[in-house]
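Enquirer: One structure, pasted below without further comment.
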């Protein structure tokens, strides 16, 4: 971990970085490594143009301390929508045309946090072509894999296949990532024969089909609704395809998820038993998947027996079980049941996890039960509450003119330096000013958290 910088230090360093980028200085001021999220966000938000943000990204990508996936996703959210404008007007890219630069560019696609925009497949393909034709820079396997993935995620598997054959013609060797991406993408589109054909070609390139490849195939079959075929494939993996292809916990969990989503809960439990007989222990994802399935109305009566069974086997804790169910109830519109369950948990000394707490509070806000949410927080504490929940709740208290509660919570927010999401700031400030709390309103405004991409928060709650 790098040294923790104060807000003023981050602001000062951010200004120095942008000044160096604007002057095209080959050297930036000394940076604390690894780059922290607050510093990255400060530079991106203060940058006067996407071009400077792009220069900052390429510099950060070249540093000795590699960028984390989270950091790259921050750059991606900021830069990806602007890339066509940045790269299309000029025959020369605004960065050194090396394989390292192009790998950095393709990394933005891999770590994007939203579905591929419609222009991205063709644009990424153009970049791939221009690398060699205009800049004498031969694409490598990573570059091809990225574009193939973009095409498969955009349901354009024929073009993905064409790219695969193109890289083979150019003697750019595909690797396991190439095959996994193609096999899953083809299966998702119902192209089962083509998926099997790709698997059969792996040996030509020194790759051996293994459990990762076949699990991707099975996952694609589940996605396309070929449940019977997925079950048959599981049987082949268990008995016919050899040790390297024997199913693991991920394989079973993919199929259990599909069964649960289609209401086949007894079959899902049967797979859980089948795993046990093969000595494969379910992981947290497996257990959570089955519990979510049993939260559906018609299966609610069976939840308690399932919990007792899972807890007795030591596969999940009581706290995690009940927290998960409370979360499921809240998210599935069964908020009254969630409140009853949470009340029973607390009475029995069972603490909620962060996900359950935030789901419950979001439920209060969506039901416009702001006062109930406020007093629940007062009684149970402020730990583990997400920023969007604080923001929506404080805005709701202001909007409904619960003056004492709004002011008390506003002061709590300021004392704890809790960031407020930008979309709620106006409502909160106007409310506090109408209560005569001008100084508090100004301090709240200093805490606003501006999204890089508007509306990127995971909570859709608003205060009308």
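Enquirer: Between residue 277 and residue 165, with labels modelled 7 Å along Cα→Cβ, what's the label distance in nm to one decimal, could you check?
Expert: Label-label distance for residue 277 and residue 165, simple model: 4.4 nm.
Enquirer: Quick one: what Rg and Dmax do you get for the stretch 135-241 from the alpha carbons, in Å?
Expert: In Å, with Rg to one decimal and Dmax whole: 13.9, 51.
Enquirer: At what distance in nm do the modelled label points of residue 344 and residue 119 sit from each other, each positioned 7 Å from its Cα along Cα→Cβ?
Expert: 5.4
Enquirer: Note the full-extension length gain between residue 351 and residue 426 as 0.36 nm times their separation in residues minus their Cα-Cα distance, in nm to one decimal.
Expert: Separation in residues times 0.36 nm, less the Cα-Cα distance, equals 23.5 nm.
Enquirer: Take the Cα atoms of the chain, find their three principal axes, and give me the spread along each one in whole Å, biggest first.
Expert: Extents along the principal axes, in whole Å: 74, 67, 37.
Enquirer: Between residue 68 and residue 442, what is the label-to-label distance in nm when each label sits 7 Å out along the Cα-to-Cβ direction?
Expert: Modelled inter-label distance: 3.6 nm.
Enquirer: A follow-up question, please. Residues of the stretch 96-128 with backbone nitrogen within less than 18 Å of a virtual label 7 Å along the Cα-to-Cβ line of residue 138, please, listed as ranges.
Expert: From the stretch 96-128, the list is 97-103, 128.
Enquirer: Let me check against my output: what whole-number percent is the relative contact order of the stretch 212-309, with C-alpha pairs under 8 Å and at least 6 apart?
Expert: RCO, the stretch 212-309: 23 percent.
Enquirer: Let me ask something else about it. Quick one: if the Förster radius is 51 Å, what FRET efficiency do residue 200 and residue 22 give, using the C-beta to C-beta distance and rounding to 0.05? Each step should come with its number before you reach the end.
Expert: Working: r = 55 Å, r/R0 = 1.07.
According to the calculation, E is roughly 0.40.
Enquirer: May I pose another question? Return the FRET efficiency for the residue pair residue 82, residue 375: r is the Cβ-Cβ distance, R0 is 45 Å, and the value is rounded to the nearest 0.05.
Expert: Details: r = 45 Å, r/R0 = 1.01.
E(calc), rounded to 0.05, equals 0.50.
Enquirer: Working out 0.36 nm times the residue gap between residue 415 and residue 243, then minus their Cα-Cα distance, what length gain in nm do you get to one decimal? Please list the in-between numbers first.
Expert: Numbers: separation 172, 0.36 × 172 = 61.92 nm, distance 5.82 nm.
Residue separation times 0.36 nm, minus the Cα-Cα distance, leaves 56.1 nm.
Enquirer: On to the next question. Which order do the peptides 229-240, 364-375, 18-29 come out in when sorted by mean C-beta neighbours inside 10 angstrom, highest first?
Expert: So the order, starting with the most tightly packed, is 364-375, 229-240, 18-29.
Enquirer: Post the alpha-carbon centroid distance, the stretch 189-238 to the stretch 383-404, in whole angstrom.
Expert: Each part reduced to its Cα centre gives a spacing of 49 Å.
Enquirer: If one computes the Cα centroid of the stretch 20-55 and of the stretch 312-380, what distance in Å separates the two points?
Expert: Cα centroid to Cα centroid, the span is 41 Å.
Taken together, the values in this text are just the output of simple stated rules run on the coordinates, not laboratory data. The structure presented is a predicted model; accordingly, all values stated were derived computationally and were not measured. With ideal geometry, Cβ positions are generated from the backbone for all residues, glycine too; neighbour counts draw on all protein chains shown.
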